[in-house]
Structure formats: structure tokens, C-alpha cells
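Derivation of every value follows stated rules applied to the coordinates shown; laboratory data play no part. The model shown is predicted, which means the values in this text are computed figures rather than measured ones. Methodologically, a virtual Cβ is constructed for each residue, glycine included, from the backbone with ideal geometry; neighbour enumeration extends over all protein chains shown.
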Amino acid sequence: MGRFQPFHLGHLNLVKQILEECDEVIIAITSSQFNYLEKDPFTAGERIEMIHDSLIESGIDLSRCFIVAIENQFNIATWASYLKAALPRFDKVYSGNDYVKMLLADSAINVVPPKFLDRPQYNATHIRSMIISDDAWQSLVPNSVVKFLQKINGKKRLDVISKSDTKPTEY
């Protein structure tokens, strides 16, 4: 699970890691109802496309992958049952987020800590700020993500959002 704002090489590394250990992977795009916000600038559809293109570019067998967009739930206590209803059947969740671990452990869902690839460097917040400031961010994401962000003029979107005095309520 993740917001994938944008999908980067750390995410891709985790997908490969999971596919070494499991038959299939469900990539659950969270916060799918949020977009054009500083924390969530890309739409669920755009994130699906970035992930899909990255998996193809990496030679990953798409028949082993599900990409699903899910909305955040306001009743956190029912989140685990929502996941079980909204996602294909799953045996475990990979997460390094202690909050997620706590919520899912309370529902007897097995949570496996992933092995992160240089987490401070491969961090979407960091990458978005690099895109805005024109730093060399392209080496941190798959080539297909670079092309996709260029196609949708992602830098301009991030620039406008970051400078806007309009700050809609995120959640």
C-alpha cells in the first residue's frame, strides 16, 4: 500500500522483493480520492498509469500484479475490513509504517516489514521537492515515470500547487 506520489525506484524495488517471496502482488494505491494537492498532486488514474508503465518497462509479469486504487476511510476502526472487501484476497501486507502495522495487527492481518532501498533518498516527498527545484530527480524514478511526468507537465502542476494560497482541506 502506498500513495505513490510519484512511483519511484524504491517502490519498484519493493514490488520486485515481494514477487521474489510471493506468487502475486497487490499494489494498493491509497488516498485515491485526493489529487491536485501538495501531498497528493497526481490522480489515482495517473498513479495507476505510472505504476503500470514502470512494471512493463522493468519486465515484470503483469499477470502476477494487481493495481488497485482505494479511498481513505474516515472510520479507521473499520479500515482492515474495508481492505478485505476492496482488495483481492491477500495473505499478508508489506508495510514499514508503524501505524499501519498497529491497525492491521489488531485485525489479525500478518504485516511484514519490507527491506527499503535507501529510504531517505527514495522518498516521494523528497522527489517532489526536487522536481520543483529542478534538481536531478530523474535517476530516482523509472524512465517511464520521467516520460509520463513530462507528458502531463508534472513540474508545472507541482510548481502551481506549491505556490498556491488555495489550500483545500486534504483529510
Task: 10 Å Cβ shell holding at most 11 others, DSSP loop, trypsin sites (Lys or Arg not before Pro): longest site-free stretch of the chain - done: 1-88
Open item on the list: I'd like the per residue volume of the convex hull spanned by the Cα atoms of the stretch 9-163, given in cubic angstrom.
Closed with: 118
Open item on the list: Per 0.36 nm of contour for each residue apart, how much would the distance between I76 and D106 grow if the chain were fully extended, relative to their Cα-Cα spacing?
Closed with: 9.6 nm
Open item on the list: Charges at C-beta only: +1 for Lys and Arg, -1 for Asp and Glu. How large is the resulting dipole of the stretch 9-163 about its Cα centre, in Debye rounded to 20?
Closed with: 300
Open item on the list: Taking 41 Å as R0, compute the FRET efficiency from the Cβ-Cβ separation of V68 and S133 and round it to 0.05.
Closed with: 0.80
TODO: Hey, can you grab everything whose amide H is under 5 Å from the amide H of V93? Only 5+ residues off in sequence or another chain; H modelled, so Pro and N-termini drop out.
DONE: N110, V111, V112
- [ ] Considering only T78, T30, T43, give the residue with the highest GNM mean-square fluctuation for the chain, with springs between Cα atoms whenever their separation is below 10 Å.
- [x] T78
- [ ] Mind giving me the FRET efficiency for L87 and N123? R0 is 25 Å, r the Cβ-Cβ distance, nearest 0.05 is fine.
- [x] 0.50
Task: Helix-only mean residue ellipticity at 222 nm for the chain, each DSSP H run of n ≥ 4 adding -39500 (n - 2.57), per residue, nearest 500 - done: -12000 deg cm²/dmol
Open item on the list: Could you identify which residue out of H52, H126, H11 has the top mean-square fluctuation in a GNM of the chain using Cα springs shorter than 10 Å?
Closed with: H126
Task: Placed amide H near F66: partners under 5 Å, 5+ positions off or other chain - done: V25, I26, I27
- [ ] Report the full-extension gain for the segment Y99 to K151: residue separation times 0.36 nm, less the Cα-Cα distance, to one decimal in nm.
- [x] 15.2 nm
Task: the stretch 1-47: chymotrypsin sites (Phe, Trp or Tyr not before Pro) falling in loop per DSSP and having at most 14 other Cβ within 10 Å - done: Y36
Open item on the list: If you average the alpha carbon positions of the stretch 4-23 and of the stretch 57-107, how far apart do those two centres end up, in angstrom?
Closed with: 14
